[in-house]
1. Tell me, please, whether a residue that is under 25 Å from the mean Cα position of the chain (by Cα), exposed (fewer than 15 other Cβ atoms within 10 Å of the Cβ), at pLDDT 95 or above and more than 19 Å from residue 126 (Cα to Cα) can be found in the stretch 165-178.
2. Residues being part of a loop (DSSP other than H, G, I, E, B) and either in contact with a helix residue (DSSP H, G or I) (Cβ under 8 Å, 6 or more places away or on another chain) or within 20 Å of residue 147 (Cβ to Cβ) (or both): count how many of those fall in the stretch 212-221.
3. Assess whether residue 85 counts as being outside any helix (DSSP H, G or I), touching a helix residue (DSSP H, G or I) at 6+ places or on another chain (Cβ under 9 Å), under 21 Å from residue 108 (Cα atoms) and modelled with pLDDT of 95 or more.
4. Keeping to the stretch 179-211, report how many residues are surrounded by 15 or more Cβ atoms within 10 Å (Cβ to Cβ) and touching a helix residue (DSSP H, G or I) at 6+ places or on another chain (Cβ under 6 Å).
5. May I ask you to verify whether residue 83 is without any contact (Cβ under 8 Å) to a residue 60 or more places away in the chain and farther than 28 Å from residue 164 by Cβ?
6. When you look at residue 76, is it surrounded by fewer than 17 Cβ atoms within 10 Å (Cβ to Cβ), at pLDDT 95 or above and under 11 Å from the mean Cα position of the chain (by Cα), yes or no?
7. Just one of 109, 156 is in contact with a helix residue (DSSP H, G or I) (Cβ under 9 Å, 6 or more places away or on another chain), without any contact (Cβ under 8 Å) to a residue 60 or more places away in the chain and under 25 Å from residue 79 (Cα atoms); which is it?
8. Could you list, in sequence order, the residues of the stretch 91-132 that are crowded, with 20+ Cβ neighbours inside 10 Å and either more than 11 Å from the chain's Cα centre (by Cα) or assigned to a loop (DSSP other than H, G, I, E, B) (or both)?
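The values are calculated or read from the model by the stated rules, or taken from the named source; none is laboratory data. In this text, all values refer to a predicted model and were calculated from it rather than measured experimentally. Every residue, glycine among them, receives a Cβ derived from its backbone with ideal geometry; neighbour counts consider all protein chains shown.
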């Protein structure tokens, strides 16, 4: 029997220790459940990239501030594939919060180039997205992979007001950017030009000028 009058009684000390441990476990468990992340929360903190990829995939079924915060952190992961999977998960949910998060990631110079590429490309799927985010990336971003993602996003957006930036991108030094730019132009105006994205711009100056002249005549440039 515990002698409550003697605080140094061994049985009392054991009881207090066990009680404190139970409180700690229950509190931690309550916090874990409160976040709503389930096992994905633990996987997201793993040192194994495969676990973090699984965490990003599992978070697709959760739409909460905690889930978005975890995905935002994973989008800055040093592992290319973890970062990409996190962005894919964000893009799967067509919500305003996801749209804003993609725009934030696309402009985040601290994130992996591949993640920024995917975020810019996915942003084009949102009908209410601001095309100015993508046109700015297309024209001023130093990273070619991100510029290519922006051009791909504009292809998906198909906003004729972005044609001037896409035409300028035909002279981009990176052929991936040029490819997405000319593809977007073709889709928007329903006409194809003999422009080859694989060729350097200075080798097809005449074709670029023809495209510009056509769009000026159409009143969209």
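1. yes
2. Within the stretch 212-221, residues that are part of a loop (DSSP other than H, G, I, E, B) and either in contact with a helix residue (DSSP H, G or I) (Cβ under 8 Å, 6 or more places away or on another chain) or within 20 Å of residue 147 (Cβ to Cβ) (or both) number 2.
3. no
4. 9
5. yes
6. Yes: the conditions hold for residue 76.
7. Residue meeting the stated conditions: 109.
8. 111, 112, 124, 126, 129, listed by residue number.
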